[in-house]
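To keep things clear, I will list the structure first and then write my remarks on it.
The values are calculated or read from the model by the stated rules, or taken from the named source; none is laboratory data. For clarity, every value in this text was computed on a predicted model and none was experimentally measured. A quick note on method: Cβ atoms are made from the backbone with ideal geometry, for glycine too, and the neighbour counts reach across all protein chains shown. What goes into the accessible areas is simple: the full protein's heavy atoms, side chains included, and nothing from ligands, DNA or RNA. Shrake-Rupley method; radii C 1.70, N 1.55, O 1.52, S 1.80 Å.
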Amino acid sequence: MADFILIEGDSVMFIPTFGPAIVMVQPGKMKGSGPTTINGKKICVEGDEAKVAVAGCTYMTPQHLIPGTGTLKIAALAPNQKAKKTKTGGKAVLLKGGTFTATFEVQNPAKQPATPTPIPDATPQYSGNGNFMTKNTKFQGS
């Protein structure tokens, strides 16, 4: 099924729930590397999703109430987010599609209040989801 093609500058929206962790998400931006352009902006192709990283997001868990920080990344695209037929520069174009799998990589662990020393969160990363918002409402791929 056809869907809108992602272009340079499109938003990457992460859903705040990453398992037990709640992340204060911030949107990411896609950088296109395809040779073709739409309205002067490069098309996003397979591999561009791996370059998305939103650093400095705070998080907490039900046990770790002192916030920590980490980086949001796209772990894997949904099957309907990568065109099967539409290609540019030999690579599949990326489509708006459904929901991708995301990871939240902990850099500074959240802490559980405790005396005399707070206990840091031992989980190095959490899994979640997100989706794309595109400014392209005209050109579709399949």
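A 1.4 Å probe over all protein chains sorts THR61, THR86 by accessible area into THR86, THR61, starting with the largest. Site pair ASN108 and LYS84 shows an inter-label distance of 4.6 nm when each label is modelled 7 Å from Cα along Cα→Cβ. Here the relative contact order of region 60-125, from alpha carbon pairs under 8 Å that lie six or more residues apart, stands at 40 percent.
Which of ASN108, ASN129, ASN39 moves the most in a Gaussian network model of the chain with Cα springs under 10 Å? In this elastic network of the chain, the residue with the biggest mean-square fluctuation among ASN108, ASN129, ASN39 is ASN39. Listed by chain and number, the lysines placed with their C-alpha closer than 22 angstrom to that of LYS51 are LYS29, LYS31, LYS41, LYS42, LYS73, LYS82, LYS84, LYS87, LYS91, LYS96, LYS135; residues fewer than eight positions away on the same chain are left out.
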